[in-house]
Amino acid sequence: MGGNNTEPFGRSSPPTSSSPFRSPQPLPPTTAADTQASVYSSSSSSSVSLASPSSVLPYVFLFIFAACVLIGFVVVVKMLGIVRRQASIGGSPSTVLSEALRVFRPAVPASRNYSSAKEMTVREALNSALDEEMSADPKVFLMGEEVGEYQGAYKISKGLLEKYGPDRVLDTPITEAGFTGVAVGAAFQSLKPVVEFMTFNFSMQAIDHIINSAAKSNYMSAGQFNVPIVFRGPNGAAAGVGAQHSQCYASWFASCPGLKVLMPYSSEDARGLLKAAIRDPDPVVFLENELLYGESFPVSAEALDSSFCLPIGKAKIEKEGKDVTITAFSKIVGLALKAADILAKEGISAEVINLRSIRPLDKATINASVRKTNRLITVEEGFPQHGVGAEICTSVIEDSFGYLDAPVERVAGADVPMPYAANLERMAVPQVEDIVRAAKRACYRSSQHAVAA
Amino acid sequence: MALISRSTSTCAPLFRPLTLFSLRHVSTDTSPITVDTSVPFTSHNCDPPSRSVTTSTSELLSFFRDMSLMRRMEIAADSLYKSKLIRGFCHLYDGQEAVSVGMEAALTKSDCIITAYRDHCIFLGRGGSLLEVFSELMGRQAGCSKGKGGSMHFYRKQAGFYGGHGIVGAQVPLGCGLAFAQKYSKDEAVTFALYGDGAANQGQLFEALNIAALWDLPAILVCENNHYGMGTAEWRAAKSPAYYKRGDYVPGLKVDGMDALAVKQACKFAKEHALKNGPLILEMDTYRYHGHSMSDPGSTYRTRDEISGIRQERDPIERVRKLLLSLDVANEKELKDIEKEVRKEVDEAIAQAKGSPAPEPSELFTNIYVKSFGAEAYGADRKEVRVTLPGY
């Protein structure tokens, strides 16, 4: 850079002059952003140092006893909280336990020292994918609210600021329209931005740039330039966050030519799809799910490799079956698998398809499955009208009508803004029993019919 | 709306008598001369540059030629639109040529320009050809966007021109993003993001300006203030129409946008400033003779006297013509010959563009993705038109 302008983007320390537009007492950074600290260092230490002579031994034992009591108290409180939350969204005892255990794992930065050799949480998967792609390609940078010093609102970008510096991990002001436009402009110049929306509800502030500036530019310029950008963040319902923070945007973005829309379920999905998205030369909308971040999944050795990528536009058959096809994506895949277990006990063999890619949609896999099972249930969390399920059902009717033995069905979120009260919220999103009931209907096994309003 | 009633051009004593060659060739005399701008610059939070501009007779002749070419091109586009060869939107730039031409004189092709939909002349200034302009306007294959963009979506990436945008104000954050990339890649270049007085009130502009100032991006925001946002005069849209001051902590400069030399000086100043100190706002006081677009006569919200008054007193081409005549660089006939030449060029380009075919039907489905992964796309009748997108 010419002249005096060698400042990195943003500031690692507060300004020396009292500019009117900066707060007078900014907080000092919590991480050593101006040192190249290793990402492998944990930011918290919890070891207790002991003094040596035997005269203090009784006090040591007293201290340890008190610490155990305190930790035990915290465990009970947290487990109660987790049980309540998991119960309200249909969690099983095994996930409750793993949730509780997760509380006690030390904060894991972007290292591969996972507590269990072949298991990884979705959060760790996303973090490692970002880390590896930023390491491999200097044009990749991360931009969003709280992605840097705060370590990410959901800790997805933990450790990245420390490792890559403030030129590549940029904390933005709360101005989605502005910073999304800036990121798209940078992508015009062949940089590779990863834009984080704290949730996709806020992407609506920036949706003009996602659609009109990013998605359509390659077409409008007849290929003169492409836009290799990724928009990522949590999407859909969390728990108790109300109407403005719970919408699923899959069908909105997936209807737009020029965009790719990816939605991971497992950790392997998260790693492989995010790496594919960052490497992709087109704009990708990468819809995560907040409630999946803490869930742990087994990962293969192949998935841990830094060159691992999943193909875009390919669905995964999570569970093979022969009686009914259930399509799902993101968090709902977990519910669909549970529904398939219940159905199996009743003699119905359900095939569960994890879509992974909403645009382009893997119609080949879906149709091949329906031609085998002859029945289709689509499940999604978002609003039903003009939703992903509507597209899948229609496309199966177009391509495989003769193979259908029952009407196609879609299970979706309720046609209402998300309510806050827990019981109403539970009614507003699909539950396992909704999927089971619909599958049985498709198999003509249900003696009940939906009550007409 | 302050109207500058009389252009004042003082000739510095330093000029040489020229022998003029055939006016097929622009004068190659690049020895520096100094000319004053019409009015001094007004500044906000910075020291304005001097109103004495270093130029040369060859540069002045090139200004004349380029602006005449742009003027002729836009008038020809008007006729083509009226004969329905151009469809949809057509926003014409005649009257504002000095902004494009002055800016190009201060920039290189490694600097970037981004603008809104009034982009035909900016594209030309960045090295685009008349053939590409007319073909694109008429939706033909020889167009700069192969006929798929239209009037509002001209691009020329190899020359740092990033469009051509239809959404008012969107180009400003995009422009700050281009500047971000320049800083990220250590290009030592700047981005000029052009917008109008109508777009100046857009929130995203201030969001982008905040980010540009916070991160010291080499972005220059250029408000082409033609005093009307479509049919709404600036005093009806903006509480403060002093657009060069609207950046608050960001310095600004108000420039006579009908004076190509003033534009050049301001852009040169802005580029040096942005490389050292971050963003700056330039307000170009300019005027468009046409309405907002071809569907707007432009006379329902302004008087014909106002339009003809500015044409007589501030026209950018006339200003340069008077300068050339007073400096004795060319005589009336020679300048008229240049105009005739330019007119011929435009007519030839239009004839050639008319000969360019419409895009192939298969082009409907190209350039959606760089990498399609075998995705399919459909036409209106899905059973009839089903295509695997190219670029697997």
*Please report the relative contact order for the stretch A:406-448, taking Cα pairs under 8 Å with a sequence separation of at least 6, and give it as a percent rounded to a whole number.*
44 percent
*How would B:CYS144, A:CYS68 line up by accessible area, probe 1.4 Å, largest first?*
A:CYS68, B:CYS144
*Could you name the lysines in cross-link range of B:LYS322, using Cα to Cα under 27 Å and dropping any fewer than eight places away on the same chain?*
B:LYS254, B:LYS264, B:LYS268, B:LYS333, B:LYS336, B:LYS340, B:LYS344
*Whole number in Å², please: accessible area per residue of the stretch B:229-338, 1.4 Å probe, ligands, DNA and RNA not counted.*
40 Å²
*Highest average packing first - A:373-382, B:151-160, B:258-267, B:349-358, Cβ atoms within 10 Å*: B:258-267, A:373-382, B:151-160, B:349-358
_Over the stretch A:334-396, with the other protein chains present, what is the accessible area per residue in square angstrom, probe 1.4 angstrom?_
31 Å²
*What order do B:TYR392, B:TYR287 take when sorted by accessible area (1.4 Å probe), most exposed first?*
B:TYR392, B:TYR287
*Carbon and sulfur: what percent of the stretch B:340-392's accessible surface (1.4 Å probe)?*
54 percent
*asked:* Taking the Cα centroid of the stretch B:369-385 and of the stretch A:406-426, what is the distance between the two, rounded to the nearest whole Å?
replied: 32 Å
*Under a 5 Å amide H to amide H cut-off, with H placed in plane at 1.01 Å, what residues pair with A:LEU170 once short-range neighbours are removed?*
A:LEU142, A:MET143, A:GLY144
*Name the residues of the stretch A:219-255, by number, that are at least 40 Å² less accessible with every protein chain in place than in the isolated chain; the surface is that of heavy atoms, probe 1.4 Å, without ligands or nucleic acids.*
A:TYR219, A:MET220, A:ALA222, A:GLN224, A:PHE225
*asked:* Which positions within the stretch B:168-192 get 40 Å² or more of their accessible surface covered by the other protein chains, compared to the chain by itself, with a 1.4 angstrom probe?
replied: B:PRO173, B:LEU174, B:PHE180, B:ALA181, B:LYS183, B:TYR184, B:GLU188
*Return the calculated 222 nm mean residue ellipticity for chain B, to the nearest 500 deg cm²/dmol, obtained by summing -39500 (n - 2.57) across DSSP H runs with n ≥ 4 and dividing by the residue count.*
-11500 deg cm²/dmol
_Using the Karplus curve 6.51 cos²θ - 1.76 cosθ + 1.60 with θ = phi - 60°, what ³J(HN,Hα) values do you get for each residue of the stretch B:98-108, in whole Hz, with x for Gly and Pro?_
4, 5, 5, 5, x, 5, 4, 5, 9, 10, 10
*Over the stretch B:153-250, with every protein chain in place, what whole percent of the accessible area is carbon and sulfur at 1.4 Å, could you tell me?*
51 percent
*Taking amide H positions as placed 1.01 Å from N in the peptide plane, with prolines and chain starts having none, which residues 5 or more places from B:GLY196, or on another chain, fall under 5 Å of its amide H?*
B:GLU224
*Would you mind counting up the charge near B:LEU85? Only other residues with Cβ under 13 Å from its Cβ, with Lys and Arg at +1 and Asp and Glu at -1.*
+3
*Excluding A:THR180 itself, what net charge comes from residues whose Cβ is under 11 Å from its Cβ, given Lys and Arg +1 and Asp and Glu -1?*
-4
*asked:* For B:THR232, what residues show an amide H to amide H distance below 5 Å, using hydrogens built from the backbone and excluding near sequence neighbours?
replied: none
*Note the buried accessible area between B and A here, summed over both chains, with a 1.4 Å probe, in Å² to the nearest 100.*
5200 Å²
*So what's the angle, to the nearest 10 degrees on a 0 to 90 scale, between helix B:57-82 and the longest Cα principal axis of chain B?*
40 degrees
*Find out how many positive minus negative residues lie around A:VAL370, taking Lys and Arg as positive, Asp and Glu as negative, among other residues whose Cβ is under 11 Å from that of A:VAL370.*
+1
*List A:TRP252, B:TRP235, ordered by accessible area with a 1.4 Å probe, largest first*: B:TRP235, A:TRP252
*Relative contact order of chain B: what whole-number percent is it, with Cα pairs under 8 angstrom and at least 6 residues apart?*
20 percent
_Compute the angle between helix B:304-314 and the longest alpha-carbon principal axis of chain B, please, reported from 0 to 90 degrees and rounded to the nearest 10._
60 degrees
*Calculate one ³J(HN,Hα) per residue across the stretch B:163-175 by plugging θ = phi - 60° into the Karplus curve 6.51 cos²θ - 1.76 cosθ + 1.60, and present them in order as whole Hz with x for glycine and proline.*
x, x, 9, x, 8, 4, x, 4, 5, 6, x, 4, x
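The values are calculated or read from the model by the stated rules, or taken from the named source; none is laboratory data. This one's a predicted model, so the numbers in the text were calculated from it and none came from an experiment. Note that each Cβ is placed from the backbone with ideal geometry, even for glycine, and that neighbours are counted across all protein chains shown. Side chains are part of the model used for accessible areas, which takes the heavy atoms of the whole protein and leaves out ligands, DNA and RNA. Shrake-Rupley method; radii C 1.70, N 1.55, O 1.52, S 1.80 Å.
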